[in-house]
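Participant: Starting off with a structure, shown below.
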Amino acid sequence: MSDHIEDPANTQDSNPETQDDVTLPAVVVPASSNENPADFGRVDEEGNVWVKESGTERKVGSYPDAVPADPLALYTRRYLDLEAKVNLFEMRLPTLNGKEIEQTLKALDEDVKEPAAVGNLDGLRERVRKLHTAAEERKEEAVRERAAAKQQALAEREAVVEQAEAISNQDPERTQWKNSGQRLRDLLEEWKELQRRGPRLDRADEDALWKRFSSARTQFDRHRRQFFSALDARQSEAKRIKEGLIEEALAMQNSTDWGRTSAAYRELMDRWKQAGRASRKEDDALWKRFRAAQQVFFDARRENSEAVDNQYRENLKVKEALLGEAEALLPITDLEATQKKLRDIQDRWEEAGRVPRGDVARVEGRMRAVEKAVRDAEEEQWRRSDPETKARAEGMLGQLQDSIAQLEADLAKAEAAGDTAKAESVRDALETKRSWYNQIAGSVEE
């Protein structure tokens with residue numbers, strides 16, 4: 001070994017015992033690599049470390065003090081660290097963006113240019129050169145991915161804006177303001193989240209979409225203010241009208257003109273419904289006052305009706321007894337006697353007077369049924385005694401007599417001829433004609 005000793009500060013590498021600049025990633029050795037990095041280096045008699053590359057040798061370091069037992073270990077480890085960087089870049093390349101790719105390739109180019117390392121540097125440099133081609137393809141792919149991501153982000157923002165515009169364009173009279181307002185707030189948070197996690201849009205596109213989104217929110221707020229302002233006005237007007245109706249109800253509550261005042265209260269109720277609603281709290285209070293004003297009148301009317309009904313209960317007993325007499329006239333056997341008795345019952349019925357309101361329909365209905373039965377009997381008697389009707393009946397009797405005589409002659413001929421079928425047919429017709437004759441004859445005699 002030469003007596004020449006190099007200053008470690010002037011060598012391409014420093015003493016391995018004092019080296020502390022190794023902060024590279026963990027070594028990653030490709031599974032397919034069977035090379036031994038030490039095969040690409042040597043240490044001469046003077047302690048200089050050489051690496052084989054490009055058909056020649058390059059000095060990468062030296063040991064000025066003493067050569068260690070494994071002098072190439074430090075330099076092969078540095079090579080393996082470089083190889084690990086290349087391996088890591090190859091694995092990460094599909095996920096990197098253009099800027100990251102350029103920065104990493106620039107650093108790798110510098111790292112493999114003249115490294116103080118021993119290994120297949122020519123092969124490593126060739127891999128880096130090939131990575132430049134793959135990187136260009138990846139950068140083009142990344143551009144396409146970014147364009148697609150921007151298009152997707154644009155579509156997502158468009159969807160948010162369209163939902164906001166749909167909410168702002170609702171009919172104010174049919175809008176659920178609380179739910180719709182909350183939905184707009186949710187959409188704003190969704191917009192912010194898309195900004196945070198999504199790619200940046202072109203400034204013009206983002207500004208245009210934000211303008212539409214902001215306009216939709218502004219329009220919604222304007223519609224809401226207008227709606228509730230108009231609602232306040234309607235409710236105030238409804239309150240004014242209803243307070244007037246309450247005053248009218250109070251003015252009538254002591255009336256004893258039961259029929260006319262009841263009709264007036266019904267008309268007030270119709271106007272109350274048409275007035276619309278005040279605010280919920282006020283409307284409930286107004287309704288209680290209105291009902292209280294009416295209740296005074298209706299309570300007085302009910303008390304009066306009950307007093308009157310008590311007076312009329314004796315009349316009801318009389319009329320129920322008269323009903324028993326009237327209904328006993330049915331069925332009618334002697335019309336003239338029945339008419340006479342019914343007229344007497346009707347006179348006493350009128351003299352009995354009024355009955356309680358709840359019993360009017362029942363007792364009047366029973367009396368009307370008896371009266372109708374008598375009228376029906378009168379009409380039936382008139383029909384039978386009508387001269388014109390009698391004349392028609394007698395004429396029909398003559399026709400039936402002629403028809404019966406003809407059928408009797410036809411029956412005798414059929415029986416004499418032994419024509420059983422014809423005889424049976426004639427016999428049926430004869431029986432029908434005789435039945436008609438007896439019915440008409442009976443009505444004429446009555």
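The values are calculated or read from the model by the stated rules, or taken from the named source; none is laboratory data. Being a predicted model, the structure only gives us computed values, none of them experimental. We work out accessible area using only protein heavy atoms, side chains counted, and drop any ligands, DNA or RNA first. Shrake-Rupley method; radii C 1.70, N 1.55, O 1.52, S 1.80 Å.
Participant: What are the aspartates and glutamates whose alpha-carbon lies under 15 Å from the alpha-carbon of residue 413, with same-chain residues fewer than 8 places away excluded?
Facilitator: 424
Participant: Another question, if that's okay. Per the Debye formula with a single identical scatterer at each Cα and no solvent contribution, what log10 I(q)/I(0) holds for region 33-112 at q = 0.15, 0.24, 0.25 Å⁻¹?
Facilitator: After summing over all Cα pairs, the log10 values are -0.66, -1.13, -1.18.
Participant: Let me ask you something else. If amide H atoms are built 1.01 Å from N in the plane of the peptide, which residues on other chains or at least 5 residues away come under 5 Å of the amide H of residue 48?
Facilitator: The list, which skips near neighbours in sequence, is 63.
Participant: Helix 420-445 versus the longest principal axis of the chain: what angle, 0 to 90°, nearest 10, using Cα atoms?
Facilitator: That helix lies at roughly 70 degrees to the long axis.
Participant: Next up: Between region 292-326 and region 59-118, how far is it from one alpha carbon centroid to the other, in angstrom?
Facilitator: Cα centroid to Cα centroid, the span is 116 Å.
Participant: Separate question: Beyond a 22 Å Cα-Cα separation, which of these cross-linked pairs lie in this structure: 319/341; 139/192; 150/211; 106/139?
Facilitator: Beyond 22 Å between Cα atoms: 139/192.
Participant: Evaluate Rg over Rh across region 68-140, taking Cα atoms for both radii and Kirkwood's formula for Rh.
Facilitator: Dividing the radius of gyration by the Kirkwood radius yields 1.05.
Participant: Another question, if that's okay. Kindly express, to the nearest 10 degrees and within the range 0 to 90, the angle between helix 73-92's C-alpha long axis and the longest C-alpha principal axis of the chain.
Facilitator: 30
Participant: Carbon and sulfur atoms: what percent of the 1.4 Å accessible area of the chain do they account for?
Facilitator: 49
Participant: Counting C-alpha atoms alone, how compact is region 112-174: give Rg to one decimal and Dmax as a whole number, in angstrom.
Facilitator: 25.6, 82
Participant: How about residue 239: which aspartates and glutamates have a C-alpha closer than 12 Å to its C-alpha, ignoring those fewer than 8 places off in the same chain?
Facilitator: Cα-Cα hits under 12 Å: 282, 283, 284.
Participant: Out of residues 5 or more away from residue 67 or on other chains, whose amide H comes under 5 Å of its own, with H placed 1.01 Å from N in the peptide plane?
Facilitator: It is none; the list stays empty.
Participant: While we're here: Using alpha carbons only, how many degrees (0 to 90, rounded to 10) separate the axis of helix 357-385 from the longest principal axis of the chain?
Facilitator: Once rounded, one gets 50 degrees.
Participant: Let me ask something else. When N counts the residues of region 118-258, how does its alpha-carbon radius of gyration compare numerically with 2.2 N^0.38 Å, as a ratio?
Facilitator: Output field value: 2.18.
Participant: Starting at the first residue of region 202-213, write each ³J(HN,Hα) from the Karplus equation 6.51 cos²θ - 1.76 cosθ + 1.60 with θ = phi - 60°, in whole Hz, x for Gly and Pro.
Facilitator: With coefficients 6.51, -1.76 and 1.60, one gets 4, 4, 5, 5, 5, 5, 5, 5, 5, 5, 5, 5 Hz.
Participant: To check my understanding: the extent here is largest minus smallest coordinate of the Cα atoms along each principal axis. What are those three numbers for the chain, in Å, largest first?
Facilitator: Cα extents, longest axis first: 172, 94, 42 Å.
Participant: For residue 99, go through the aspartates and glutamates and keep the ones whose alpha-carbon is under 15 Å away, minus same-chain ones fewer than eight residues off.
Facilitator: Of all the aspartates and glutamates, those that pass the test against residue 99 - Cα under 15 Å, at least 8 places apart if same chain - are 136, 137, 140, 141, 145.
Participant: Excluding ligands, DNA and RNA, what is the solvent-accessible area per residue of the chain at a probe of 1.4 Å, expressed in Å²?
Facilitator: Ligands and nucleic acids excluded, the result is 64 Å² per residue.
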